[in-house]
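Here the structure is laid out as structure tokens; the discussion comes afterwards.
What follows is calculated from the coordinates using simple rules that are stated; it is not laboratory data. The model shown is predicted, which means the values in this text are computed figures rather than measured ones. Note that we place each Cβ from the backbone using ideal geometry, even for glycine, and neighbour counts take in every protein chain shown.
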Amino acid sequence: MIPLGQRYRLLSPVGQGGMGIVWRAYDEMLDRDVAIKEVRLSERLGTDEHRLVYRRLVDEARATAALHHPGVAALYDVLVEDGRPWLVMEYLDARSLRQLVDEEGPLPTARAAEVGLAVLSVLRAAHGAGILHRDVKPSNVLLCSDGRVLLTDFGLAVHAQNGQNVTDTLPPGIEGSPAYLPPERVRGEPGTEASDMWSLGATLYTAIEGTSPFLRAHAIASMLAVLLHEYEPPARAGVLKPMIDGLLQPDPADRLDADTTERLLRAAVELQEQTAHGPAIWRWPRVGALGSTAVFVVGVVAAGAWSARWDAVGKSDAAALVAGSSPRTVAYHEPAGYTVEVPAGWRHARRRDGAVEWADPASGLRLRIAPAGQQAGDALAGLRRAEQRAGRHYPGYRRLRLETAPDIAGGAAEWEFVWHPGGNAGGGTAEDAAGLHALRSRAAGYDFTFTAPDSRWTPGQRVYDRILRSFRPDRER
């Protein structure tokens, strides 16, 4: 392979996001490892959307170059190859906060406060330069083996002082993670410094509690939870609980400012130092290469910017999500596997391949959890295999869509189709057809598939979300 720019040799991918891949590469001129961000966009996007993303990448380069801060990865170069921009940056021996929490569990309060102080320092520097990050989340916070904490991925940043439109959106799937978008941005309003502070609060909640306060089984459900200010109060936050609650206030005017946030974070660190019997020691877990991490939920949304997606939700859908039933649950334990809580009354069966299936006779909701090792491929491949058998089970089967869900880290796919329950494969009308939705994702070594009739899709999301939030893999697995 010819080195990029006659100088950078791509070695291996170390991370992937909505805008492309991050490579570990070798700089042959200066004899050093570097990180290179490559843009890879869906072929379904038009020329104008491609140009918008490329412009954003250049904006990221400018925003990063404008910040001379130890909490921002150094930018070395910007190349244009094959009509696409490539960013050459400092290579970091690090893991994301998301990876750390997934692999090692929630952080102690004092350590989370230290991470928060580091991220806040970057945000203050950015805001001082007129830059809004707009994508603060655990996967964009890196913890390096040398002790540094960095805030990365300024790809959605805007330079308000330079007249950039802070309401600009990107093509679907790369506008930001809905569980970490503040309510004003979900509504399509301009972002502010207070918006970044809200996202910092959601990030610290995740660091301390181990899960996002607003992450739900579906992107629309996540946005609704944000708008309704619906989240479980942090149980492990201790002295940081008032700060987290203050940052997550729905009204930007009511949120804590940077000064107050810094004071509360420092107080948490100092309290730990005062109460410890000896010097506090933070043992860094094994640090690996950067990479994407699966989460225990799936989510799929239709095309369009987040604000457009929210506008498209009907009042009946919103009401169904809010009023989603809270059925009594029973715990199920799969030996040497996992524990999960499912609604009481659901029938379950264990298959020969190790999969466990549950079904609600009343609503038609179905859940399948299977060891991921049973089938190769990603979520989309799994649904394609299922589609090959659809004709035998669903007379008059007709696909509406079968596609990936680019807005969810870890990979997910959605399948929607109609069929004729009466068995009339050829002559049924549209009114006779029944609709069915299926979601599939892989996480924690298992494949999750959730199926719901069209009429139960919206309220079923709430039920599925509760099931997924109860899922706990056995430690020894």
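Quick notes
- The range 199-271 shape via C-alpha gyration tensor axes, a/c threshold 1.5: oblate
- Listed residue (130, 223, 183) projecting farthest to the positive dipole end of the range 94-275, Cβ model: 223
- Taking amide H atoms as placed 1.01 Å from N in the peptide plane, the amide H of residue 338 lies under 5 Å from those of 474, each 5 or more residues away in sequence or on another chain.
- What the phi angles of the range 147-152 give under the Karplus curve with 6.51, -1.76 and 1.60, with θ = phi - 60°, is a coupling list of x, 6, 10, 10, 9, 10 Hz, glycine and proline written as x.
- Of the residues 451, 339, 206, 192, the one with the fewest other Cβ atoms within 10 Å heads the list, and the complete ranking is 339, 192, 451, 206.
- Figure legend: label point modelled 7 angstrom from the Cα of residue 11 along Cα→Cβ; residues of the range 90-105 with amide N under 11 Å from it are 91-93.
- Around the amide H of residue 330, modelled in the peptide plane, lie the amide H atoms of 342, 344, all under 5 Å away and 5 or more residues distant in sequence or on another chain.
- Set of the range 194-232 residues, backbone N closer than 13 Å to the point 7 Å along the Cα-Cβ line of residue 241: 232
- Using the Cβ-Cβ distance between residue 352 and residue 399 with R0 set to 35 Å, the FRET efficiency works out to roughly 0.80.
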